[in-house]
Amino acid sequence: MCSAGLAFLVVALFGAAQEARAAGPWYVNAATGDDGNDCLSAATPCATVAAAIDLAGSGDVINIAPGTYIENLYVSGKDLHFAGASAQKTILDGGGGGRVLEILSADATLSDLTVQNGWNDDNRGGGGIYIQNGDLTIINAVLRDNVDEGLAGGALRANGLFAGDTMVLT
């Protein structure tokens, strides 16, 4: 069989190669972003953190510009680093309608941001942040005004560790 025929056979049997996913870092800016952007530079950022999470792969960094992001975020199975501009200027806000950040089966790093106004009542804890089966690193961050109506740990529940409704970590 000629090489062209063999190549056709391989493609026919195994399907065409999938388009490669771009690697981060990813950029988010509520003021100038658009979730239709490629989010690969500060000039073409996403508008929401959720859009950047969807694009990111395990090990990627999501750079979050100053601003308040009212979102309830979910991450499963991919290790991510959420990097804000500073805890005073980059705020992830749950809007009082759910957890700010829920992470399952993944490791996460949060740096230079605030997590606030998370709410939960599912008896698992963690109004601000809930992480299960993963490690959480928090650097230069503030967790404040987070509530858990069910179990405990308004600010944070990480693999069984509970923390109150406000924490400042440096």
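Structure notes:
- Heavy-atom accessible area per residue - the range 66-111, 1.4 Å, Å²: 38
- Rh by Kirkwood over Cα pairs, then Stokes-Einstein D for the range 71-147 at 1.567 mPa s and 4 °C, µm²/s: 107
The values are calculated or read from the model by the stated rules, or taken from the named source; none is laboratory data. Predicted model only: the values in this text are computed from it and were never measured. Calculation scope for accessible area: heavy atoms of the full protein, side chains included, ligands and nucleic acids excluded. Shrake-Rupley method; radii C 1.70, N 1.55, O 1.52, S 1.80 Å.
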